[in-house]
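A quick write-up on the structure given underneath.
The values are calculated or read from the model by the stated rules, or taken from the named source; none is laboratory data. It should be emphasised that the depicted structure is a prediction, and the values quoted were computed from it without experimental measurement. Glycine also receives a Cβ, built like all others from the backbone with ideal geometry; neighbour counts cover every protein chain displayed.
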């Protein structure tokens with residue numbers, strides 16, 4: 001394991017090398033893809049990318065939480081959370097050697 | 001939304017690009033993320049979220065039907081933590 005962290009810059013570089021676009025346009029396209037995925041999820045529509053995985057929006061009911069430090073009860077509002085379910089293909093690749 | 005719909009949206013917003021290039025761009029982005037996770041690397045996309053790999057140690061599982069003990073090998077599972085901006089936007 002190399003334990004690096006990839007960022008937008010690395011995705012931009014990969015797009016730049018894959019398609020004959022400028023680095024600026026490559027960066028803009030990476031952003032557009034992330035924005036489209038985010039926008040779909042914000043509108044409540046799940047996103048499924050084959051052989052990668054699914055981003056699912058789940059609704060959580062409100063409940064009474066507790067501040068673990070003070071023991072004080074605090075209400076947790078109903079909210080929407082995002083979960084990522086990796087595809088079988090991704091799970092297998094990550095565990096293959 | 002599925003991948004082909006995502007590709008179509010990006011293609012519509014970029015009429016100067018060939019459709020097949022948009023397909024390659026979208027695939028490259030997700031392949032790059034998968035590739036990093038296969039290497040055990042993290043992927044951090046501020047505002048959107050971060051992908052990482054968590055190690056699950058080997059454990060003794062049980063066949064729920066027979067109650068029989070079965071060894072489960074250690075494995076690595078991909079994990080996604082939603083970014084702050086996206087988490088907040090989901091609850092506006």
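Tallying residues that are closer than 19 Å to residue B:85 by Cβ, facing chain B (nearest Cβ under 9 Å) and buried (at least 17 other Cβ atoms within 10 Å of the Cβ) within region A:1-27 yields 3. Of everything listed in (1) on the phi < 0 side of the Ramachandran plot; (2) under 16 Å from the mean Cα position of the chain (by Cα); (3) facing chain A (nearest Cβ under 7 Å); (4) not in a helix (DSSP H, G or I), the single unmet condition for residue B:91 is (2). Helices (runs of 4 or more DSSP H) fully within chain A that include at least 1 residues being out of contact with any helix residue (DSSP H, G or I) (no Cβ under 9 Å at 6 or more places or on another chain) and free of Cβ contacts under 8 Å to residues at least 60 places away in the same chain: A:23-42, A:88-95.
Looking only at region B:47-67, residues that are modelled with pLDDT of 95 or more and surrounded by 11 or more Cβ atoms within 10 Å (Cβ to Cβ) come to 6 in all. Only one entry of B:44, B:5 meets the criterion of being without any contact (Cβ under 8 Å) to a residue 12 or more places away in the chain and within 14 Å of the chain's Cα centre (by Cα), and that entry is B:44.
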